[in-house]
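Let me begin by presenting the structure, written as structure tokens, before commenting on it.
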Amino acid sequence: MKKTIGVLIFIFLSGQVITAQKALTKDQRMQWWREARFGMFIHWGVYSVPAGSWNGRQIGGIGEWIMNRAKIPAAEYQTMAKQFNPVNYDPDSWAKMAKDAGMKYIVITAKHHDGFALFETKASKWNVVDATMYGKDLLKPLAEACKKYGIKLGFYYSQAQDWNNPGGSAARKPTSEGWANPDSVTIDAYTKEHKGHWDPAQEMKTFAQYIDNVAVPQVKELLTNYGDVAVLWWDTPTDMTNEAATKLKSQLTLQPAIITNDRLKRPNFPGDHKTPEQRIPNIKDLDGTDWETCMTMNGTWGFKSYDHNYKTPETLIRNLLDIASKGGNFLLNVGPDNLGEFPKESIDILAKMGKWMKVNGEAVYGTKASPWGLFTWGRCTSKETKDRTTLYFSVFDRPEDGKLEIPDLKNNIISAVLLANGTKLKTSVSKSGLLTVILPYKAFDPIATIVKVVVKGKVNSKTSSKNK
Ligand code: H79
């Protein structure tokens, strides 16, 4: 008996130790993420089959919303899964492209608003294994490839909106826009009465049933079957209840180091980081909370065959530098097609960004925000060690006289070089603390030239509050 009690006490105590080890602080969980700065978003699903067109018409708006925008009946949408046959899917090359672009993590749509699961699931037949010719889990091999290349893998999961699994919610018609459907007047009247739904099949179950029988079990599967999951990226809390949010949140204990965003339910479920979408916040609007800007390369998240409106690599690199200078992360999207291929333009952009990052990445990874805010000619990031501070000035627009002026720098200058090739740069500091760096004529990178300045001690700038 005594022995049994002893064993029980031992089991209890070792359980405590394990629990204590698992309780990571937020700073511990966020460390890699704060250093990473740059990640890849992947929006992939059955919407890559219609690719922005339905019944011979181009449907406006973002591609992954086509079912909702065009009010496609569930049964009809589901037939398109037969053409979702990504025979060219090569997750190794995806992970490698992310790695070569300088990205440190990937977040992929395990399930978007159309409810289609890219993974094997017992909770719904509407998934890649049961509903397509392809018939294989798409996330498992991606998880392996990410591990191989040292990329962290996160899952996007649309927890509330689900237009195919009965009971899932649906966003209401926006006030300013009509739906891109010829029968929109009739449909508008219907959706008003039916919480945004447009097909009776969507209402065969309640929201609570959908949460208990689809969302919670699927999140459990995602957090159990794929090894380490770095991020859970919730989206659009339409019709979420506190009860549903609590159930979903409790699944996160399956991954003690996981990071989550602020989109599970508002308010009361702030998660770890904010998620400005398609925009970079102004410094004055930042409150110290971690944040990540997610952005498309063209005008859509999910593949649209005719959207070639891509941002330039220059704009995207400068976005990354702008974001890093404000202390945030950049999650840049790729929308693969129904064969499993990245659009040509995206591949090209990733390669060009990678080429720049290979030379200049030091100015991005593991950096903190600019002590000055913005400059008219560019941006700044910083790194502090015990007794010195490294400043990375990203020059977007070379001042005509070749003089880079940084006000309010009282620190002793240890060195000033071009990050790209180590060229030493002349500097002078006026009595008032105006640092002038003489820029070379040559070796100027049209995307952004990084001037690396190392100074003694910590940097305190009075002007930081002015340049927001
Ligand atoms: O996954 C991506 C988007 O599908 C998702 N979040 C990013 C990361 C998202 N869901 N909702 N929104 C973004 C807000 C935008 C809604 C819009 Fe629309 C969709 C604007 C145009 C199409 C809804 C439908 C409002 C108007 C029509």
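The values are calculated or read from the model by the stated rules, or taken from the named source; none is laboratory data. Bear in mind the structure is a predicted one, so any value in this text is a computation, not a measurement. Every residue, glycine as well, gets a Cβ built from its backbone with ideal geometry; the counts of neighbours run over all protein chains shown. Heads up: the accessible areas ignore ligands, DNA and RNA and are worked out on the full protein's heavy atoms, side chains in. Shrake-Rupley method; radii C 1.70, N 1.55, O 1.52, S 1.80 Å.
Below, the figures for the structure above:
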| quantity | calculated |
| --- | --- |
| Residues located in region 322-355, provided they are open to solvent by 10 Å² or more (accessible area, probe 1.4 Å), within 21 Å of THR390 (Cβ to Cβ) and part of a loop (DSSP other than H, G, I, E, B) | LYS326, GLY327 |
| In region 230-244, the residues that are under 21 Å from the mean Cα position of the chain (by Cα) and either within 16 Å of the ligand (Cβ to nearest atom) or surrounded by fewer than 23 Cβ atoms within 10 Å (Cβ to Cβ) (or both) | VAL231, LEU232, TRP233, TRP234, ASP235, THR236, PRO237, THR238 |
| Residues satisfying the stated conditions in region 245-257, i.e. open to solvent by 50 Å² or more (accessible area, probe 1.4 Å) and either more than 20 Å from THR289 (Cβ to Cβ) or within 16 Å of the ligand (Cβ to nearest atom) (or both) | THR246, LYS247, SER250, THR253, LEU254, PRO256 |
| Pair list, Cβ under 9 Å, 6 or more apart: region 260-286 residue within 14 Å of the ligand (Cβ to nearest atom), other residue part of a strand (DSSP E or B) and open to solvent by 30 Å² or more (accessible area, probe 1.4 Å) | ASN261/LYS274; ASP262/LYS274 |
| Residues being under 26 Å from LYS195 (Cα atoms) and in contact with a helix residue (DSSP H, G or I) (Cβ under 7 Å, 6 or more places away or on another chain) - total across region 32-59 | 8 |
| Residue check, THR260 part of a loop (DSSP other than H, G, I, E, B), crowded, with 18+ Cβ neighbours inside 10 Å and hydroxyl-bearing (Ser, Thr, Tyr) | no |
| Region 173-210, residues that are among the hydrophobic types (A, V, I, L, M, F, W, C), surrounded by 15 or more Cβ atoms within 10 Å (Cβ to Cβ), modelled with pLDDT of 85 or more and in a loop (DSSP other than H, G, I, E, B) | TRP198 |
| Filtered residues of region 211-229 (kept if open to solvent by less than 10 Å² (accessible area, probe 1.4 Å) and either more than 23 Å from LEU138 (Cβ to Cβ) or in a loop (DSSP other than H, G, I, E, B) (or both)) | ILE211, LEU223, VAL229 |
| Scope region 420-447; condition of a type in the set (A, V, I, L, M) and on the phi > 0 side of the Ramachandran plot; matching residues | ALA443 |
| Count of region 309-321 residues which are assigned to a helix (DSSP H, G or I) and either out of contact with any helix residue (DSSP H, G or I) (no Cβ under 9 Å at 6 or more places or on another chain) or of a type in the set (A, V, I, L, M) (or both) | 7 |
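This table checks each residue for (1) farther than 26 Å from ARG263 by Cβ; (2) within 16 Å of the ligand (Cβ to nearest atom); (3) in the same structural domain as MET103 (by TED's automatic domain parsing).
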site	(1), (2), (3)
MET295	no, yes, yes
PHE303	no, yes, yes
HIS308	yes, no, yes
ILE317	yes, no, yes
ALA324	no, no, yes
ASN333	no, yes, yes
PRO336	no, yes, yes
GLU345	yes, no, yes
